[in-house]
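Take a look at the structure below.
All of the numbers you see were taken from the coordinates with simple rules; none came from a lab. Bear in mind that the values here come from a model prediction, so they are computed numbers and not experimental data. Note that we place each Cβ from the backbone using ideal geometry, even for glycine, and neighbour counts take in every protein chain shown.
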Amino acid sequence: MSDYTKKILTEVKAKNPSEPEFHQAVDEVTSSLEPVFEKHPEYRSAKILERMVEPERVILFRVPWMDDRGEVHVNRGFRIEMNSAIGPYKGGLRFHPSVTLGILKFLAFEQVFKNSLTTLPMGGGKGGSDFDPKGKSDNEVMRYCQSFMTELFRHIGPDTDVPAGDIGVGAREIGFLFGQYKRLKNEFTGVLTGKGINWGGSLIRPEATGFGVVYFAQEMLKAKGMNFDGKIVAVSGFGNVAWGAVQKVNELGGKVVTLSGPDGFVYDPDGVKGEKVEYMLKLRASAKDEVKDYAEKFKVEFFPGKRPWSIKVDVALPCATQNELDAEDAKELVKNGCQCVCEGANMPTTIDGYKIFKEAKILYAPGKASNAGGVAVSGLEMTQNSMRLPWPKEEVDQRLQQIMKSIHDTCVATSERFGTPGNYLNGANIAGFLKVADAMLDQGLV
Ligand code: NDP
Ligand code: 2IT
């Protein structure tokens, strides 16, 4: 690391104490950017990176709500408006008890690079709450979403900031949030994405992140003369992203043998297919947050408290959450002959885990490139809303495939151009950075 980037990282840590995930995300991006600063001193002198690590705006608010028994609760709501150089702030909302300012800043920072890679005009943002949807009734979730939006509505808008879903925020929550926004503004606009299909949502948006991950992995395999046919695949998580990924792997002839939750993982050597894929939706809707029930229902093995990375597979798709794959897990995967790791979640691999993949020279794609299909189709939903014209499924899917191929090819070309061929992480970080950095230069001191 150069003195310049070291200084930036030291300052980020000093200014933002107790935000380890944010430090990790900045560290990972910064380490890719050394060759950029060597070639382009103009970014240094304009202090582009120093500006990019500081959110344009952070909104933190109280969310009071009442449960079904009449008891009052208070949670925290956040929206991080990170960067609007190339478009309105865009990014999901996460409802999970682990949500903190630091977690959302890491996600918003990643989102800036991801959105830049999609080829669409979207800036980066992220938001959410420490609200725990687990075990809550539909009415409680509705009241919570209404209270959350009663403050958030004044900060967002179809040309300003367009939130969507993430962990704990799916179609149901987007519906409640949209309904409240509409009442407050008396406007029907594309202010949120992931909407229901009858009221402005895009076809394929629910599947988009998972489909996109597999399209990206397919491109990586193709570049090495391989494909998904007959490949054994480990998937972690059992949520929206995992569900989309499982479907697409099956379609392409692969076999998914694991799913995981906070309680452990299931090993299904016959493959997660047919009614089992439908069952994933039930598992998630049950709000129990367990995959153990899958093992009981389909009579397969359950490994309590364990992650799925010890199983021998060809491809690994981490689709649950950040830092769910560490150096030990990475060693296991490599030892067992895994050829490709393609991230569905945001930052699921630790920095030490990534180093193991790099040393072993196996294919590795960072989430900001490989999971960009979700936000890309959100971008397409915004386009359809602006045109007031819905596109057929085939058109959205075809555009999604083109976008994932374009991100793949950009990562390959950029990593080569900056001296690290085959390194998708460097390619994604550099290409994502350059587009935003140039826009910031064009727009003056913003
Ligand atoms: P869901 O809420 O649908 O599913 C999340 C899954 O991850 C659940 O299985 C959840 O279980 C598990 N999980 C969440 N937190 C933890 C934790 N701390 N430890 C272990 N497991 C955990 O979310 P999504 O599928 O939408 O999101 C999954 C990942 O993909 C996240 O990293 C998200 O940021 C990323 N992503 C999502 C996109 C989207 O469009 N939805 C787009 C791009 C990336 P539990 O709730 O019980 O903890
Ligand atoms: O992490 C992500 O890219 C998302 N949760 C999707 C964001 C979006 O705006 O669709």
Phi-derived 3J(HN,Hα) across segment 149-155 with the Karplus relation (6.51, -1.76, 1.60, θ = phi - 60°), rounded Hz, x for Gly and Pro, is 6, 4, 9, 5, 4, 6, 9
How large is ³J(HN,Hα), in whole Hz, for each residue of segment 279-288 in order, when computed from phi with the Karplus curve 6.51 cos²θ - 1.76 cosθ + 1.60 and θ = phi - 60°, using x for Gly and Pro?
-> 4, 4, 5, 5, 4, 5, 5, 5, 6, 8
Quick one: which residues, 5 or more positions from Phe265 or on another chain, have an amide H under 5 Å from its amide H? H modelled 1.01 Å from N in the peptide plane, none for Pro or chain starts.
-> Phe303, Gly305, Lys306
For Thr258, distant residues with modelled amide H under 5 Å away | Val235, Asp268
Using alpha-carbon positions, what is the distance between the centroids of segment 151-192 and segment 391-446, in Å?
-> 27
Each label point is 7 Å from the Cα along the Cα-to-Cβ direction; what then is the distance between the points at Val277 and Ala171, in nm?
-> 1.6
Under 1.5 on a/c is rounded, so check that first for segment 17-99, then, if it is not, pick prolate when a/b is larger than b/c and oblate when it is not; a ≥ b ≥ c are the square roots of the alpha carbon gyration tensor eigenvalues.
-> prolate
Expected vector for segment 76-91, Karplus 3J(HN,Hα) from phi with 6.51, -1.76, 1.60 and θ = phi - 60°, integer Hz, x for Gly and Pro, equals 10, x, 9, 9, 9, 9, 7, 7, 10, 5, 10, x, x, 4, 8, x
Sequence of Thr383, Thr349 once ranked by neighbouring C-beta atoms within 10 Å, starting from the fewest | Thr383, Thr349
Eigenvalues of the alpha-carbon gyration tensor of the chain, times 5 and square-rooted, give semi-axes in Å, largest first, of 29, 29, 21
Gap separating the Cα centres of segment 270-336 and segment 42-74, nearest whole Å | 32
At what distance in angstrom do the alpha carbon centres of segment 230-262 and segment 89-135 lie from each other?
-> 23
Calculated from DSSP helices alone, with each H run of at least 4 adding -39500 (n - 2.57) and the total divided by the residues of the chain, [θ]222 nm to the nearest 500 comes to -15500 deg cm²/dmol
Amide hydrogen neighbours beyond the local backbone of Gly125, cut-off 5 Å, H modeled = Met82, Lys90, Gly91
To the nearest 20 debye, what charge dipole does the chain have about its Cα centre, counting +1 at the Cβ of each Lys and Arg and -1 at the Cβ of each Asp and Glu?
-> 360
Extension reserve of the Lys355-Lys134 stretch, reckoned as 0.36 nm per residue once the Cα distance is removed = 76.1 nm
Mean projected area (nm²) of the alpha-carbon convex hull when segment 339-446 is viewed from all directions | 8.9
Can you give the Rg and Dmax of segment 292-360 based on its C-alpha atoms, in angstrom?
-> 12.7, 40
Likely footprinting exposure, Trp199, Trp243, Trp391, fewest C-beta neighbours within 10 Å first | Trp199, Trp391, Trp243
Among the listed pairs Lys248/Lys355; Lys288/Lys312; Lys224/Lys273; Lys6/Lys368; Lys7/Lys435; Lys90/Lys231, those beyond 32 Å (Cα-Cα) = Lys90/Lys231
Hey, if you drop one equal point scatterer on each alpha-carbon of segment 176-292 and run the Debye formula without solvent, what base-10 log of I(q)/I(0) do you get at q = 0.12, 0.20 Å⁻¹?
-> -0.54, -1.05
